[in-house]
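The values are calculated or read from the model by the stated rules, or taken from the named source; none is laboratory data. Since the model is a prediction, treat every value here as computed from it, not as a measurement. Cβ atoms come from the backbone with ideal geometry, glycine included; neighbour counts cover every protein chain shown.
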Amino acid sequence: MMNCLTKPSALLAALTLAQTLALAGCGGSGDEIEVPEPEKQYPDYTQVTALGGDTTTFDASSSGHGYSTPALNLNQTQLAQHLSGDLNFETAFTTAPNEEHPELDGLGPVFNNADCNSCHQRDGRNSTPIVPAGQTRIKLGSEAGIFLRISKAPDQPCLQGTAANNYCAPIPVPNFGTQLFHRGVLKAREDWQQNLFGGQADVYLSYELKTVTYPDGTEVTLKRPLFAVENPFDAPGESLNSSNVTSELLQGDVLMGWRTGMPVFGLGLLEAIPEASILALVDENDADGDGISGRANYVFDAVKAQRGESHPVSLGRFGWKANTPSVRVQSLGALRGDIGITNPLFPEESIQGTSMHDSYLTRTGFVDTGSGVDGEPEASAEFSDDVVFYAETLAVPARRQVDDVKVREGARLFEQVNCSGCHQPKFVTKSSGEIGGLPMIEALKGQTIYPFSDMLLHDMGEGLSDARPDFLASGSEWRTRPLWGIGLTQTVNPQAGFLHDGRAASVEEAILWHGGEAQASTDKFMALTQEERSQLLAFVMSL
């Protein structure tokens, strides 16, 4: 006898079974009853369009300037500062002294580019250098937005930053520093007659190719950049192949790694993510057993040091290895480092105290010590503040084609292969406090954003490793790159590449380079059918 408390779902199941048996016993055809497939579950963000909250721009779909729109919720005063910063971002500097335009002087004396825009073309990625057919390599010059980070190999891994170990910062190469400047102003080198605009050394680029084959037989050719450093200023003509290597730069314990410029939109929102929200995603010992163990990088903070704080260390958020803590440190560090323009946060020349700088000042008589005639840095506080504000308040492009069935299916597959394990979709920015040592910008407060990054370090395997530690990051660890806006990358710059050195010509190639913690997701991606891979890529390109 059926209990009166039997659940309706159980009753329904019993009736369904009885009907099935009755049909079979009454001379039915015996055909199996079709059971409908379970309804597909799509992630919550499948149809989200406003990736940057109220800062989002919806007018960037097919524009070569799709990354260059001011945040839509700026007031008139803020918009004016943003536009002033935009002008500063594109300012091309000249050799000091420039008596006619002193506001432009201070370039170098060694540098990688003469303006911000050259490394962040139209506020996106720079062009990946091409080795022409018939040539084995090219020499980097003014067209390159790519450079080398350099440092000495530490004796042992640095596990916790203190004043005694310089907070685990990369160890400078004597007479060179931590970034290699392949360009220079006139007479930067003592042998300037042979190296008219030479920098610290000549850098050559070539590529190594390899083929990846999917289980279905589809082949993809991947390229890995290789570099050669020759003709350093401290030993002209030398290379690693020289019989007697004397240059400090070419010693066996010097580590080098390619870096390419990355997009600069949405940075203020990333800085406004509460630190607790990022640290909640840390799983250093892989407690959940998914093979992913994101780590935080803690880095020297020049803003805190300038304030006189006793422990000037902050959570790393920016740079390929999360090696800078704020938009201010990142922007003004690049202004001084990449271009050679001193500023209130970094008032010393990038090569100050080196024999190259001392020789340049002595030989030329130029007063290029990093200070103007007024004794102030080459970039004023107003110039510096405006260019930082510009980088903090560029709009995030809205998603596109969210109703496309292919894109929707791709969102489901993005979850299925666990891309979201590192590319965390959603955060809410804080509503008060500081960013970069200044009060928060009102337009960035309390925004629900979808950057698709956990902002943490992950071991990406030997294929992407440069073996060069950076604060707490190992050579194979990289910060999860935000995916928002990625679909417009080659609309903004058709020659742009992906990954930290621009090696990947497409998002598909970038995925295939993922190893280490991401290897399981890469394997799952490769196991998809060609149509499914196309769907997943369509979703990523909609971001």
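The single condition among (1) touching a helix residue (DSSP H, G or I) at 6+ places or on another chain (Cβ under 9 Å); (2) touching a residue at least 60 places away in the same chain (Cβ under 8 Å); (3) surrounded by 14 or more Cβ atoms within 10 Å (Cβ to Cβ) that Val373 does not satisfy is (3). Counting only residues that are among the charged types (D, E, K, R), within 20 Å of Val131 (Cα to Cα) and surrounded by 16 or more Cβ atoms within 10 Å (Cβ to Cβ), the stretch 172-217 holds 2 of them.
For (1) in contact with a strand residue (DSSP E or B) (Cβ under 7 Å, 6 or more places away or on another chain); (2) crowded, with 21+ Cβ neighbours inside 10 Å; (3) among the hydrophobic types (A, V, I, L, M, F, W, C), each residue gets a yes or a no:
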residue: Asp454; (1), (2), (3): no, yes, no
residue: Gly463; (1), (2), (3): no, no, no
residue: Gly475; (1), (2), (3): no, no, no
residue: Thr480; (1), (2), (3): yes, yes, no
residue: Gly485; (1), (2), (3): yes, yes, no
residue: Thr491; (1), (2), (3): no, no, no
residue: Glu509; (1), (2), (3): yes, no, no
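Looking only at residues in the stretch 430-452 that are part of a helix (DSSP H, G or I) and buried (at least 17 other Cβ atoms within 10 Å of the Cβ), the one that is farthest from the chain's Cα centre (by Cα) is Ala443. At least 3 residues being within 24 Å of Asp385 (Cβ to Cβ) is the threshold, and among the helices (runs of 4 or more DSSP H) wholly inside the stretch 258-346 those reaching it are 267-271, 302-307, 327-334. Is it the case, given these coordinates, that Asp404 is under 27 Å from Asn117 (Cα atoms) and either touching a strand residue (DSSP E or B) at 6+ places or on another chain (Cβ under 6 Å) or at pLDDT 95 or above (or both)? Here the answer is no, as Asp404 does not meet what is asked. Of all residue pairs spaced 6 or more apart or on separate chains, those with beta-carbon atoms under 8 Å, a first member in the stretch 386-400 that is farther than 23 Å from Leu543 by Cβ and a second member that is of a type in the set (D, E, K, R) and surrounded by 24 or more Cβ atoms within 10 Å (Cβ to Cβ) are Val388/Arg328.
Being surrounded by fewer than 17 Cβ atoms within 10 Å (Cβ to Cβ), touching a residue at least 40 places away in the same chain (Cβ under 8 Å), farther than 19 Å from Gly316 by Cβ and acidic (Asp, Glu) is a property that holds for Asp253. Do we have any residue at all in the stretch 378-385 that's closer than 23 Å to Leu249 by Cα and not charged (D, E, K, R)? No, the stretch 378-385 has no match at all. Within the stretch 151-202, the set of residues being of a type in the set (A, V, I, L, M) and part of a loop (DSSP other than H, G, I, E, B) comprises Ala153, Leu159, Ala163, Ala164, Ala169, Val185, Leu186, Ala188, Leu196, Ala201. Filtered by the rule that a residue be under 22 Å from the mean Cα position of the chain (by Cα) and either closer than 24 Å to Ile292 by Cα or part of a strand (DSSP E or B) (or both), the stretch 416-429 gives Asn418, Cys419, Ser420, Gly421, Cys422, His423, Gln424, Pro425, Lys426, Phe427, Val428. In the stretch 284-324, the residue that is farthest from Glu477 (Cα to Cα) out of those that are surrounded by fewer than 18 Cβ atoms within 10 Å (Cβ to Cβ) and among the acidic types (Asp, Glu) is Glu309. The single condition among (1) over 30 Å from the mean Cα position of the chain (by Cα); (2) modelled with pLDDT of 95 or more; (3) more than 26 Å from Pro469 (Cβ to Cβ) that Gln193 does not meet is (2). Quick one: is Gln495 touching a residue at least 40 places away in the same chain (Cβ under 8 Å), farther than 24 Å from Pro225 by Cβ and over 14 Å from the mean Cα position of the chain (by Cα)? Taking the combined requirement at face value, the residue does not satisfy it. Give me the pairs, please: first residue somewhere in the stretch 518-543 and under 17 Å from Ser453 (Cα atoms), second residue anywhere and of a type in the set (Lys, Arg) and part of a loop (DSSP other than H, G, I, E, B), beta-carbon distance under 9 Å, and either six or more positions apart or on two chains. Hits for this filter: Met541/Arg400; Ser542/Arg399; Ser542/Arg400; Leu543/Arg399; Leu543/Arg400. Farther than 30 Å from His514 by Cβ and touching a Pro at 6+ places or on another chain (Cβ under 8 Å), is that true of Asp191? Here the answer is yes, as Asp191 does meet what is asked. Whether a residue is over 17 Å from the mean Cα position of the chain (by Cα) and not aromatic (Phe, Trp, Tyr) was assessed, and Ala520 passes this test.
Residues in the stretch 151-177 that are out of contact with any strand residue (DSSP E or B) (no Cβ under 8 Å at 6 or more places or on another chain) and of a type in the set (Ser, Thr, Tyr): Thr162 only. Exactly one residue out of Gly106, Gly85, Gly66 is part of a strand (DSSP E or B) and either buried (at least 23 other Cβ atoms within 10 Å of the Cβ) or in contact with a strand residue (DSSP E or B) (Cβ under 7 Å, 6 or more places away or on another chain) (or both): that is Gly106. If the condition is being assigned to a loop (DSSP other than H, G, I, E, B) and of a type in the set (Gly, Ala, Ser), then the stretch 381-405 contributes Ala395, Ala398. The set of residues in the stretch 211-257 that are more than 30 Å from Ala153 (Cα to Cα) and part of a loop (DSSP other than H, G, I, E, B) comprises Tyr214, Pro215, Asp216, Gly217, Thr218.
Residues of the stretch 129-175 being touching a residue at least 12 places away in the same chain (Cβ under 8 Å) and hydroxyl-bearing (Ser, Thr, Tyr), which ones? Thr136, Ser142, Ser151, Tyr167, listed by residue number. Residues in the stretch 490-543 that are of a type in the set (A, V, I, L, M, F, W, C), assigned to a helix (DSSP H, G or I) and within 24 Å of Pro397 (Cα to Cα): Val492, Val507, Ala510, Ile511, Leu536, Leu537, Ala538, Phe539, Val540, Met541. Inspect the stretch 109-128 for any residue being surrounded by fewer than 24 Cβ atoms within 10 Å (Cβ to Cβ) and free of Cβ contacts under 8 Å to residues at least 24 places away in the same chain and give the result as yes or no. Taking every residue of the stretch 109-128 in turn, none turns out to be surrounded by fewer than 24 Cβ atoms within 10 Å (Cβ to Cβ) and free of Cβ contacts under 8 Å to residues at least 24 places away in the same chain.
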